1. Out of the residues in the stretch B:70-97 that are touching a residue at least 60 places away in the same chain (Cβ under 8 Å) and in contact with a strand residue (DSSP E or B) (Cβ under 8 Å, 6 or more places away or on another chain), state the one that is surrounded by the fewest Cβ atoms within 10 Å (Cβ to Cβ).
2. For A:ASP359, state whether it is out of contact with any strand residue (DSSP E or B) (no Cβ under 9 Å at 6 or more places or on another chain), acidic (Asp, Glu) and under 23 Å from A:THR277 (Cβ atoms).
3. Consider only pairs whose beta carbons are under 6 Å apart and that are at least six residues apart or on different chains; among these, list those whose first residue lies in the stretch A:137-164 and is surrounded by fewer than 16 Cβ atoms within 10 Å (Cβ to Cβ) and whose second residue is assigned to a helix (DSSP H, G or I).
4. If I go through the stretch A:660-694 residue by residue, how many of them are within 17 Å of A:LEU706 (Cα to Cα) and crowded, with 19+ Cβ neighbours inside 10 Å?
5. Which of the residues spanning the stretch B:77-105 are away from every other protein chain (no Cβ under 14 Å) and either at pLDDT below 85 or not in a helix (DSSP H, G or I) (or both)?
6. If you scan the stretch A:490-523, which residues turn out to be surrounded by fewer than 10 Cβ atoms within 10 Å (Cβ to Cβ) and of a type in the set (S, T, N, Q)?
7. Looking at the stretch B:16-60 only, could you name the residues that are within 14 Å of another protein chain (Cβ to nearest Cβ), surrounded by 19 or more Cβ atoms within 10 Å (Cβ to Cβ) and acidic (Asp, Glu)?
8. A:ARG126 passes all but one of (1) touching a Leu at 6+ places or on another chain (Cβ under 9 Å); (2) not assigned by TED's automatic domain parsing to the domain that holds A:ALA199; which number fails?
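The values are calculated or read from the model by the stated rules, or taken from the named source; none is laboratory data. Source: prediction; values computed, not measured. Here the Cβ positions follow ideal geometry from the backbone for every residue, glycine too, while neighbour counts run over all protein chains shown.
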Amino acid sequence: MISRLRRWKSGRRQLAGYTAALLLAAAAQVARLPLNPPTLIPFITFVPFIVLSAAFGGIRPGLLTTALCVLESLYFATEPLYSWGVRDPQDWLGVGTLLCTGVVICFLFERVEKGRLADAAARELRVLLNQTSDAVFVWDLESKRITFWDEGATRLCGYPSHEALGRYPKELLQTQFPESLEACLAAARQSDGWRGELAHTTRDHGPITVESRMSVRQSDDGTLRVIEVARDISERKRLEHIQAQLAREQELRRQTLESIVHNSPICIALLRDPDFTFESVNSAYQALLPGDLMVGRTVAEVWPDAAPLVLPLLQVVRDAQTVYHATEMPIPRKRSPEGPLEELYFDFSYVPLLSPSGDVRILVSAIEMTRYKLAAEELRKSLIELQQSEEQVRSLAAIVESSDDAIIGTTTEGIITSWNCGAERIYGYPKEEVLGLPVTILVPPDNSDGPRRILDRIRRNERVEHFEATRRCKHGQRVVMSLAISPVKDGSGRVVGVSAIGRDITERKLAEAKILELNEALRTKARCSEEDLESFSYSVSHDLRAPIRHIAGFLALLEDHIGGSLDETGRHYLSNVMESTRLMSALIDDLLTFSRTGKVEMCEANVCLQDLVQQVQRELTADIHGRKVVWTVEPLPEVAADPVLLRLVLVNLLGNAIKYSNNRSEAAIDIGCREVDDEWVIFVRDNGVGFDMRYMHKLFGVFQRLHSADEFEGTGIGLAIVRRIVARHGGRTWAEGVVGQGATFYFSLPKVAGMQTCAIGTEPTEPIPEATRG
Amino acid sequence: MDRDKLRDILLAEDDPKDVELTLTALHKHRIANRVIVVRDGASALDYLYRRGEFGNRDGDNPAVVLLDVKMPKVDGMEVLRRVKSDPRLKTIPMVILTSSREEHDLVEGYGLGANAYVVKPVRFNEFVEAVSVLGIFWALVNEPPPLVGTGGHD
């Protein structure tokens with residue numbers, strides 16, 4: 001468009017030129033009209049118009065005007081007029097002169113115009129050059145002198161043009177070439193010229209660096225000129241230098257940072273989407289799972305055990321772009337794929353990093369705190385223990401101080417180092433008086449060697465048994481002490497002191513002596529009683545029975561002797577005497593048994609009650625005298641008892657059941673056992689005469705009978721024997737009965753043996769009532 | 001029955017009533033052996049060792065010795081112990097007559113080697129029976145062991 005416009009503009013100017021040429025040619029004809037006839041001179045009138053046309057329109061309109069003027073002169077001004085022919089050959093000379101003059105004028109104007117344009121272009125160029133920041137100067141290659149020096153060069157180098165022109169630029173600017181001036185010039189001769197950086201020294205400001213273009217051109221006069229255009233790039237170079245330095249520093253920093261991250265003991269990893277994939281990890285992080293490459297894998301793949309815990313956290317950090325810190329968080333993981341699942345403690349943080357493209361990456365940094373956590377735990381425990389032991393020490397110290405016992409600490413040499421209130425009270429020495437003194441001050445002179453021997457043993461780490469010794473108090477009185485001497489050891493087990501705990505047993509010793517005395521007396525007495533009892537038993541069994549036997553013997557002989565001559569009454573008397581004799585003998589036997597049951601040593605065994613009952617049943621068959629007895633024996637357990645004594649119990653109870661049910665045509669005797677708590681309760685039930693519960697307390701007494709001798713034979717000792725035997729086994733005896741309906745006798749036996757092996761005098765139940773004879 | 005061939009029965013019993021009853025019982029069963037009665041253990045030993053009042057006795061060791069436990073001077077247990085510890089006498093059958101089971105236990109407890117024991121029954125007939133059985137058994141039925149030696153003093 002612009003070019004078209006320009007073309008149009010120049011076209012218009014050309015049109016104007018040509019129009020002017022036509023008009024001027026016409027004007028020249030008009031101006032010649034008054035000059036008639038035509039002569040050579042009239043031709044001269046054409047010349048100014050040609051000049052005007054050439055001046056205004058340039059060479060071509062000028063030539064056009066010239067041509068038109070020639071034609072006009074041929075047609076209008078030469079004979080014959082108004083025809084193209086020329087009569088006078090002189091006219092040809094005039095026309096030719098006009099033509100030549102016009103052409104010369106045109107070319108002259110053309111030349112002048114060109115010079116004017118060139119000058120204007122040069123001026124514009126100079127202005128233009130001056131307006132650029134580049135320095136432009138030209139020097140002659142042969143004379144080595146500067147021929148052109150623009151303002152840019154002045155600005156750049158500091159030299160005004162009048163100082164620079166005519167100088168050799170290499171010297172003026174002390175230029176340093178990358179190779180040599182010649183090499184540059186050689187390149188400059190090429191069509192593209194030379195281009196490169198040069199270092200100049202300015203007039204006032206020292207060295208500068210320029211980007212220079214050098215070309216060699218042949219000028220119009222044929223001399224070779226070097227055109228050099230230089231641009232100051234010092235600032236750029238400086239900036240480039242700074243930039244390079246910055247880049248180097250940045251690189252160094254990056255390397256440092258990378259090295260720090262890589263070698264940091266803190267585990268650092270960078271996660272990116274999707275699925276929190278490991279983008280990079282440092283060596284510490286990698287060491288968490290040695291030999292297992294993490295980069296490129298996701299958190300869930302690398303830490304399958306911890307994923308349920310950490311993935312939600314990571315999502316929150318990613319989505320909310322918040323920083324997350326955790327302290328001593330337990331993370332379940334394995335130290336190796338085959339290893340056991342364990343809980344490790346980590347301090348860690350997740351930091352979201354937003355990249356310019358909008359992706360969020362997460363920087364993970366973690367420190368394993370398991371060791372510290374455990375150590376802290378240990379520390380806490382030991383602190384608590386320490387506290388406890390301190391408390392213990394304090395309370396022990398308080399106990400020691402308040403103890404009634406004398407508690408004395410000494411060095412291994414026997415020098416007293418601690419002394420409690422008890423010691424003060426017992427020995428009479430106040431603490432401040434006795435500390436630092438040897439412990440031998442407490443020892444009576446007749447045993448001054450004792451403590452030394454004990455200390456020797458303690459120092460040799462030998463055990464010193466508890467012992468009793470006499471000690472001397474402050475005021476000389478003696479006390480009997482029970483002493484425990486033990487070494488005091490330091491942490492490494494070295495004996496560093498001795499502790500002596502003493503109890504004043506003077507009174508106890510006196511009491512003991514008294515007790516011993518009393519015991520001896522009692523023992524003597526008991527021995528006497530025992531001997532008395534034995535001789536009594538012996539007398540009863542031997543001396544008391546002998547007369548009975550004699551009575552019985554001689555009664556039998558008497559009956560043989562006079563039996564036939566006795567009447568009814570005589571035989572009745574004799575029979576009564578014999579019956580009484582038998583009863584007397586039975587009484588003696590039972591009494592002996594009773595006394596023996598309390599005296600004999602018991603011999604515990606597992607007894608099958610079932611078998612024993614059967615034996616006793618067989619044994620008692622004779623007592624049934626042909627009556628009908630229905631026995632009901634439930635399954636019976638094995639019990640722990642003395643078989644001989646237990647048999648005696650059963651003989652008495654079963655015997656009683658048989659005896660007291662003889663009023664029944666069909667006696668029913670039940671035997672059974674119940675388990676009550678930790679006892680066996682055995683019962684023997686009959687459907688005999690029973691008894692009145694009001695007299696129950698008399699049942700188990702010696703010589704106690706609830707029935708007359710007429711009704712039932714008996715000595716009244718059997719149940720007393722039962723009670724004594726059962727009591728000796730640790731059991732109880734009782735009975736239930738209804739008159740006329742039968743009785744049930746119970747006894748219990750502990751499941752675990754509870755037998756008393758003691759002799760008479762340990763009867764735990766009610767005392768045996770006074771024997772009543774009747 | 002030839003009385004000379006029958007050896008004596010030695011009865012050591014201090015109670016005259018028991019002696020009488022025992023003799024009656026033996027007599028009732030027509031035991032023909034001569035019964036030597038001594039009243040204490042010392043005399044019994046004198047008889048066995050042929051010393052003191054029995055220093056000049058002739059004949060063999062007795063067919064059986066019926067020995068009461070409780071006797072003055074030397075009691076029955078001591079006699080038993082001495083007899084059973086003497087090789088010349090220990091083959092003599094010794095029967096202990098006891099008044100009670102208590103004594104019976106005692107004798108057993110000593111383990112002195114009595115050949116039999118009898119608790120003197122209260123019922124006379126039983127007593128007679130017991131003594132008779134003993135007498136007949138030891139005096140008549142049982143072949144005495146060959147004599148080791150006779151006489152001499154300890």
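1. The selected residue is B:LEU97.
2. Numbers: out of contact with any strand residue (DSSP E or B) (no Cβ under 9 Å at 6 or more places or on another chain): no; acidic (Asp, Glu): yes; under 23 Å from A:THR277 (Cβ atoms): yes.
For A:ASP359, the condition - out of contact with any strand residue (DSSP E or B) (no Cβ under 9 Å at 6 or more places or on another chain), acidic (Asp, Glu) and under 23 Å from A:THR277 (Cβ atoms) - is not met.
3. A:PRO160/A:THR154
4. Taking the stretch A:660-694 first, the residues within 17 Å of A:LEU706 (Cα to Cα) are A:660-663, A:686-694.
Now narrow it down to the ones that are crowded, with 19+ Cβ neighbours inside 10 Å: A:660-661, A:686-691.
Here the count works out to 8.
5. Hits for the stretch B:77-105 are B:SER85, B:ASP86, B:PRO87, B:ARG88, B:LEU89, B:LYS90, B:THR91, B:ILE92, B:PRO93, B:MET94, B:VAL95.
6. Of everything in the stretch A:490-523, just one residue is surrounded by fewer than 10 Cβ atoms within 10 Å (Cβ to Cβ) and of a type in the set (S, T, N, Q), namely A:SER492.
7. B:ASP18
8. Against the list (1) touching a Leu at 6+ places or on another chain (Cβ under 9 Å); (2) not assigned by TED's automatic domain parsing to the domain that holds A:ALA199, A:ARG126 comes up short only on (1).
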